[in-house]
């Protein structure tokens, strides 16, 4: 039955009468636009529309003998739909009765109290007011129709002796601070409540913040009595209700991490009136289901709201999932910016929206009730620059809709003409322009401004080396440490020098080369077949590839990069290496007749043959195979003794440069010179002060046997973006620290120990010994052990703790292998787990229109299958378009189910951190 009445006693009587008949009522506010009223009535098809007095003479005076069951509908409330079509929410008697009992107890309503009927009849807050008052024996104060704001609202509360009222924050902000002696319980809800409102209204009364969608019978959670100080939480779930804060995979997120809120319990609505498809999409099966709803099933409702648990077990509201916007490549929760604004003591109310300027660029616009003079600086202290609104619009009051919430459609248009685009400052001068071009190319972004931060744009330590190398090719020289200190173009440019190239820098290196620590470790590790331990890349080429030019380019690489000509011999059990002469070695083999349909088997067989063909003494240790097919493929294979992950980035760049016939430029410090300097540094006592740090012993690890198998986990593109670009900004740290925090947490859950030990692999190209390794090919990797304590708390706490522990490692672990090589630290065992994050290939390479079309997953067995590794578990990660991690394990030590479980925990942790970086920066 539709009840078309304004706020009035007649409406209250009509609602109670309908409930007694066993029917459900639909309140319709006659002040609504005629079009919306027509839609509601046409959509709901009520049996009766009651809009005025009716003659009840001759009707029985006793209650009808109607059996009403818990699951029967009690009322229907229409809410706005995302498509613009309102939807009717059907709420049951069970939900209504349970909620009424809970709110009377929580709001401490007694006979003699007076509850204000503030809300429009068409909003479910009016049901809260009705059920708070009459079932408790309290009076319901029904003021005349019309807006209740400002002085009038204060007068009504005072004149009628109101003791309890639900007032939306935006309406409460209009009420003057006057003495209201009877007003002892204030409930706020329907919109975000500011700290300023709590400061003004909480003293001297019980002020409670209530939250809930219509689909959960008015209220899902509520706070305890609020006290001044900070933005109020939305509290704990009400009796009979359960809440779940989950990620995109419906997995619970840790404390402190933002996730989407799902609700289950007896208060859950039956669904949407005559909208089964929409009901099925929003009311979903409850995988946690222990509490049945009014339908007798275990469902949960997807609220679309983003919240988080705090350390006290209380929910905090972050924003709407559908209010998430993407600006400058970052996903932003508008509610997060609003919350930060409301922390400012001079801001009474605030709302943030995304608006497009005249050029179509999205900007954040903040509408603020209060003083805005110093707000921007205040926000800059706690938020990254892209979360600080471009425009602050001062307003006397926020526009209020009929539901008591902010009507965003009535916010004034911002004036963008006076706004200086602080997001982009054009580079000034040749050095800044050259550096900006290099950054844009490596990071894969359309343009880089003078004030843009390298790490905020997605840079990391691996990409920093590529930037250094590309800049050197452009004639500008600086070290990677300079980029870590001076993270913008403007701050870096004064510290670069113009490169002067001498002919001596191009001479090939020939002769003996001392083994580096990682090479010594490999050659003395007792491998069954040290000849077969490779790295490789499979590259899709331009269909019109010139084989002659490709062969010539590969020859240029072998001549230019001395490590590709290394050879290794063992005499009386002692390994040595030397650089061979340039010679006339042809490293390219061309294979015809490989059809695209047979790529898998034929490529695999051909790749296996190449991988198994290396001989450390005779060489060559770098080979290429061109598969001439309709889509040509180039397999590049090198023994790991002569390359590492960074080397491949250099080689792929230089191969394309040489293929075009361009000069590769001057060499950087040779691998031999680096090895000699490092050996002299260690033997000269340069690392003696690190010895004490490396005396920690580790329990013996199981010995792996058999063949390793693999489990792979991969993040979505959105989560990858949030981690690689958002995490360094949100946590003010390097991506490796974030990944290790997630890994340590997953390993801690698996082992049950709060301390975990991991062997970490680093690129090893540290800025020490006055060398430039930015374009040097070779195996520089460092491997060093760390023992990490995993704290309780939020992800910010865990990342901070891991970062602190890693910073305590001397020299990023650079010295450990060198000290071990020369017997200066004892063999104290090693962790059972290793972790290696290979970083990103530069984003520009994927869009190549030259020699390359795509870098594909490699093929063939890079290592001899009969060899076993040094760890029972190796975790290797790499970022392309998505971030993926492969967990290599031995079934003789761990089951596949075990590894799948811990890898899933690791992925869950990363997704939780990604969510935190998107919505809670």
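We did not get these values from a lab; they are worked out from the coordinates using the rules stated. Note that the coordinates shown come from a computational prediction; the quantities given were computed from them, not determined experimentally. So basically every Cβ, Gly included, is an ideal-geometry build from the backbone, and we count neighbours across all protein chains shown.
Points worth noting:
- Cα gyration tensor shape of region 1-157, rounded if a/c is under 1.5, else prolate or oblate by comparing a/b with b/c: rounded
- Antiparallel content of DSSP bridges confined to region 36-155, in %, to 5: 65 percent
- Spherically averaged projected area of region 506-560 from its Cα convex hull (nm²): 6.4 nm²
- When only alpha carbons are used to place a centre, region 865-902 and region 218-236 end up 45 Å from one another.
- Cα-based shape type of region 147-243, given that a ≥ b ≥ c are square roots of the gyration tensor eigenvalues and the cut on a/c is 1.5: prolate
- Packing rank of 799-805, 30-36, 465-471, where each peptide gets the mean count of other beta carbons within 10 Å, highest leading: 465-471, 799-805, 30-36
- For region 504-670, a Kirkwood radius taken over Cα pairs fed into Stokes-Einstein (4 °C, viscosity 1.567 mPa s) yields D = 77 µm²/s.
- Among 60-68, 789-797, 716-724, 193-201, sorting by the average number of other beta carbon atoms lying within 10 angstrom of each residue, highest first, gives 193-201, 716-724, 789-797, 60-68.
- Relative packing of peptides 644-657, 563-576 - highest average C-beta neighbours within 10 Å first: 644-657, 563-576
- Computed across the chain, the Kirkwood hydrodynamic radius from all distinct Cα-Cα pairs reaches 31.9 Å.
- Every Cα-Cα pair of region 851-911 was included, and the share exceeding 13 Å stands at 73 percent.
- Distance cut-off 22 Å, percentage of C-alpha pairs in region 1-84 lying past it: 30 percent
- If the segment from residue 79 to residue 601 were pulled out straight at 0.36 nm per residue, it would be longer than the present Cα-Cα gap by 182.1 nm.
- Between residue 900 and residue 288, the FRET efficiency estimated from the beta carbon spacing at R0 = 35 angstrom works out to 0.95.
- Set against the 2.2 N^0.38 Å expectation for a compact globular protein, region 540-597 has a Cα radius of gyration ratio of 1.59.
- Likely footprinting exposure, 871, 561, fewest C-beta neighbours within 10 Å first: 871, 561
- Rounded to 10°, Cα long-axis angle of helix 795-807 versus longest principal axis of the chain: 20 degrees
- Taking all Cα pairs closer than 8 Å and separated by 6 or more residues, the relative contact order of region 554-634 comes to 35 percent.
- Cα gyration tensor shape of region 650-710, rounded if a/c is under 1.5, else prolate or oblate by comparing a/b with b/c: oblate
- Net length gained if the chain between residue 182 and residue 59 were fully extended (0.36 nm per residue, minus Cα distance): 40.2 nm
- With the simple spin-label model, which puts each label point 7 Å out from Cα in the Cβ direction, the residue 445 to residue 45 separation comes to 5.6 nm.
- The chain - percent relative contact order, Cα under 8 Å, separation 6 or more: 10 percent
- Between residue 804 and residue 714, the modelled label-to-label distance comes to 3.8 nm, taking each label 7 Å out from Cα in the direction of the beta carbon.
- In degrees, nearest ten, helix 150-159 long axis to first principal axis of the chain (Cα): 50 degrees
- Net length gained if the chain between residue 159 and residue 707 were fully extended (0.36 nm per residue, minus Cα distance): 188.9 nm
- Simple label model, 7 Å out from Cα along Cβ direction - residue 755 to residue 698, nm: 1.4 nm
- Solvent-free Debye calculation, one equal scatterer per alpha-carbon of region 429-500: log10 I(q)/I(0) at 0.14, 0.23 Å⁻¹ equals -0.32, -0.97.
- Sites residue 544 and residue 507 - FRET efficiency at Förster radius 30 Å, r taken between beta-carbons, to 0.05: 0.30
- Distribution of pairwise C-alpha distances over region 93-309, 5 Å bins, in %: 1, 7, 14, 18, 18, 16, 11, 8, 4, 1, 0
- Region 93-309, relative contact order [Cα under 8 Å, separation at least 6], %: 15 percent
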